[in-house]
Each structure stands twice: as structure tokens, then as C-alpha cells.
1. Which one is modelled with the highest pLDDT, of the residues in the range 57-74 that are out of contact with any Ser or Thr (no Cβ under 7 Å at 6 or more places or on another chain) and either part of a loop (DSSP other than H, G, I, E, B) or among the basic types (K, R) (or both)?
2. Within the range 80-109, can you find the residues that are surrounded by 20 or more Cβ atoms within 10 Å (Cβ to Cβ) and in contact (Cβ under 8 Å) with a residue 60 or more places away in the chain?
3. Filter the helices (runs of 4 or more DSSP H) completely within the range 99-206 down to those with at least 3 residues that are at pLDDT below 80 and farther than 26 Å from F65 by Cβ.
4. Answer yes or no as to whether G35 is at positive phi and either touching a residue at least 24 places away in the same chain (Cβ under 8 Å) or touching a Lys or Arg at 6+ places or on another chain (Cβ under 9 Å) (or both).
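The values are calculated or read from the model by the stated rules, or taken from the named source; none is laboratory data. What you are looking at is a predicted structure, and each value in this text was computed from that prediction instead of being measured. Positions of Cβ are backbone-derived with ideal geometry, glycine not excepted, and every protein chain shown enters the neighbour counts.
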Amino acid sequence: MHLARPTILKLSLIGILTLCTLLSFLAAPEFAYRGGCIYLQHLGTLILMTPLFLSLRKNSTADSFSLICLSLFTGLHILGGTYLYSYVPYDKWLEELFHFSVEKTGVHDNKYDRLIHFSFGLLMMPYLAHLCRKFLKGARTTPALLGAWLSIQAFSLLYEVFEWLLSVVMSADFADGYNGQQGDMWDAQKDMAWALLGSTITLVLLWLCQRRRNRQGSLNGQRGRT
């Protein structure tokens with residue numbers, strides 16, 4: 001049975017992410033299992049992978065670029081979920097691989113959670129823009145991009161509300177382990193700000209790329225009429 005290249009790509013992404021999730025359970029430190037935090041983290045992994053499974057349908061119009069970006073973010077989430085975000089030992093990895101000391105930069109808390117929120121805005125924009133184009137049915141690029149950008153801010157806000165509710169209904173240890181607040185009273189605001197920054201960068205880049213395509217299309221059309 002012959003499979004089209006997009007289908008092979010989608011199956012490859014699903015296979016890689018599934019393998020990474022299984023390895024995550026094997027590599028996770030003991031404290032990640034306390035209270036079942038790691039299982040809640042990988043519930044998020046399953047939700048993030050759902051668009052990849054749905055994209056296998058024949059009538060799916062999701063492009064490869066948006067799915068790759070989605071998969072990259074899912075991979076970053078899997079790594080963060082393995083160590084509950086606050087304990088990702090990137091400082092040790094940087095020191096072992098590049099002899100670079102994070103502590104010498106004056107950073108003493110774990111910044112991986114900030115990276116995830118920034119990556120959420122940066123990498124989820126293409127797929128959300130695809131969904132907005134599909135929902136708006138034939139709308140121009142600018143409204144779809146704006147809809148995706150606003151969706152990022154809404155999801156970011158709702159996630160912070162979810163973390164707050166989790167801290168209310170769950171035990172303090174579980175909430176602290178999952179939320180990764182690290183004692184920062186402005187954690188929610190900073191997370192939303194990083195998502196805002198990431199999504200704004202992608203918004204500008206996608207808008208410029210589409211504008212360049214439109215200009216190139218206009219030039220080709222003029223040449224065809226001459």
C-alpha cells in the first residue's frame with residue numbers, strides 16, 4: 001500500500017512522540033510519580049497529540065509545517081513533564097556538554113517553564129492559524145492570524161486559571177509540583193507575557209511571509225498577462 005509523503009510524515013511524528021512519552025515514564029525521577037503528577041502532565045501530551053491523529057483523515061487540510069511546529073512543542077512538553085518542569089536539569093546538561101554554567105549568569109531558579117510558555121506562543125500559532133482559516137472559511141490571512149494570536153492569549157489565560165484551581169482543590173505538594181511556581185508571586189503574569197511574546201513573533205513572521213507570497217503572486221500574474 002502506497003502512502004503519501006504527508007501521511008508518512010504524520011505517522012513518523014506520532015511514532016516519535018509516542019516513543020518519547022514511553023521513555024519519559026522510564027526516565028522520570030521518583031518524585032515525578034508522587035501524587036500522580038506525571039500522569040496529569042502526559043494527559044496534556046495526549047491532548048497535544050490529538051490533532052496529529054485527526055490529521056490522518058483523508059479530508060485533513062493541516063499543512064506539514066504547522067504539524068511539525070505542533071510536534072516540536074509537544075516534544076518540549078514531554079521533556080518538561082518528565083521532570084515536572086521545575087526540575088528539568090538543563091543547567092547540568094549545558095555544563096556537561098558546553099562547560100557553560102547557568103549560575104554564573106545570575107539565574108538561580110529553573111527557567112524551563114518560561115521556555116515552554118514562550119514556545120507555546122511561538123510554535124502553536126501556525127496550527128491555530130490553520131484552524132482559524134478552516135473555521136472562517138475563505139477568510140484572508142490577516143483575520144486568521146489575528147484569530148490565532150487571540151486564541152493563544154485566551155488559552156494562556158485559561159491554563160493559568162486551571163493551575164490556580166488545581167492549587168485550590170489539590171494538596172499543596174501536588175499543586176506545587178505540577179504548577180512549578182517556584183515561589184514567584186508573579187508566575188502567572190510572566191507565563192502569559194512569554195506566551196504573548198512568542199505568539200507576536202510568529203504572527204509578524206507569518207504575516208510577512210504571506211505578504212511576500214501575495215506580492216510574488218501578483219508579479220507572476222502580471223508577467224502572465226504580458
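1. Here is the first cut: in the range 57-74, the ones out of contact with any Ser or Thr (no Cβ under 7 Å at 6 or more places or on another chain) are 57-61, 63-66, 68-72.
From the residues that got through so far, the ones that are either part of a loop (DSSP other than H, G, I, E, B) or among the basic types (K, R) (or both) too are 57-61, 63.
Values: R57: 81, K58: 69, N59: 67, S60: 74, T61: 72, D63: 87.
Residue satisfying both the conditions and the ranking: D63.
2. The first filter runs over the range 80-109 and keeps only residues surrounded by 20 or more Cβ atoms within 10 Å (Cβ to Cβ), leaving 80-85, 88.
L84, Y85 - these are the residues of the range 80-109 that are surrounded by 20 or more Cβ atoms within 10 Å (Cβ to Cβ) and in contact (Cβ under 8 Å) with a residue 60 or more places away in the chain.
3. Working: elements: 112-136, 141-169, 172-179.
Ranges flagged: 141-169, 172-179.
4. Values: at positive phi: yes; either touching a residue at least 24 places away in the same chain (Cβ under 8 Å) or touching a Lys or Arg at 6+ places or on another chain (Cβ under 9 Å) (or both): yes.
The answer is yes for G35.
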